[in-house]
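Below: the structure, in structure tokens.
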Amino acid sequence: MNSDSKFWDRHAARYAKSPISDEDSYQQKLKITREYLRPDMELLEFGCGTGSTALVHAPLVKHIRATDISLKMIEIARAKANAQRVTNVDFEVAAIDDLNNPDETYDAVLGLSILHLLEDRDAAISRVRAMLKPGGVFVSSTACLGDTMKFFKLIGPLGKFFGLLPVIRVFTVQDLVASLTHGGFEIEHQWQPGKGKSVFIVARKPA
Ligand SMILES: C[S@@+](CC[C@H](N)C(=O)[O-])C[C@H]1O[C@@H](n2cnc3c(N)ncnc32)[C@H](O)[C@@H]1O
């Protein structure tokens, strides 16, 4: 199991209670995502946290497999699904690297506020591409700290060493777009609500 799971377990309860930092942008991202969803779709969300986004999209698709490395996050997500009587989302403890399923399973994969938290985003992007059906979409929202907070390259590893931060990779929007295009995706939609804000990208695996 990924060593960051303990970090996220410790922060799960607080994460669940904290308000979304930019509600308007979040709603806009949900709206754009919805335009890609159809009732017969199989979705995967990795790094789903406490499951809020999966539960919002659940009525619009056939089924969602929502995964996270943190058991505590998943426990909160399952409790929310029960309370909302949502039955077509399966929450599961798993790291993106450990997902083991036949290739070309999903119509869409969501990775929200997660790509910058992975040791190897290129490996994750390659994994996502393999799991998507031809013509499927990868919807991501990513903090690109290399554009505005390069100093994080120095303090990030220190924070990680002292257990105060999870892995945080520092890269630019340009780096991320390059990872996606080199990884075999076509960028279909790219939106950054403002300087320093997470970039929202819908990337398609060619049919
Ligand atoms: C910043 S939170 C984002 C949660 C949710 N996607 C959201 O937008 O609110 C990052 C989440 O990714 C999970 N995570 C971190 N590394 C992961 C990995 N390698 N595989 C799967 N999940 C991971 C953490 O446990 C945490 O719940």
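Rule-based calculations on the coordinates, nothing more; no lab input. Keep in mind the model is a prediction, meaning the values are calculated, not measured. Glycine also receives a Cβ, built like all others from the backbone with ideal geometry; neighbour counts cover every protein chain displayed.
Modelled label positions at Ser18 and Ser113, each set 7 Å beyond Cα in the direction of Cβ, lie 0.7 nm from each other. Placing pseudo-labels 7 Å out from each Cα toward the beta carbon at Asp40 and Val167 gives an inter-label distance of 3.8 nm. Structure note, pairs Lys17/Lys197; Lys29/Lys195; Lys6/Lys72; Lys160/Lys197: Cα-Cα distances above 18 angstrom occur for Lys17/Lys197; Lys160/Lys197. Near Ile168: Cβ cut-off under 15 Å, other residues only, Lys/Arg at +1 and Asp/Glu at -1. The net charge is 0.
Among beta bridges from DSSP that stay inside the chain, the antiparallel ones total about 35%.
With R₀ fixed at 45 Å, the C-beta to C-beta distance from Lys195 to Val86 puts the FRET efficiency at about 0.80. Of Phe161, Phe152, Phe138, the residue with the greatest mean-square motion in the GNM of the chain, using alpha carbon springs below 10 Å, is Phe161. Peptides 30-38, 175-183, ordered by how many other C-beta atoms sit within 10 Å of their residues on average, highest first, read 175-183, 30-38. Take each peptide in 54-67, 76-89, count the other Cβ atoms within 10 Å of every residue, and average; sorted highest first, the result is 54-67, 76-89. Look at the Cα gyration tensor of region 48-207: its axes a ≥ b ≥ c give a/c of at least 1.5 with a/b at or below b/c, and that counts as oblate. At full extension, Ala207 and Phe151 could sit 16.2 nm farther apart than now, given 0.36 nm per residue minus the alpha carbon distance. Listed by chain and number, the aspartates and glutamates whose C-alpha is less than 16 Å from the C-alpha of Lys205, apart from same-chain residues fewer than 8 away, are Glu42, Asp103, Glu104, Asp107, Asp122, Glu186, Glu188.
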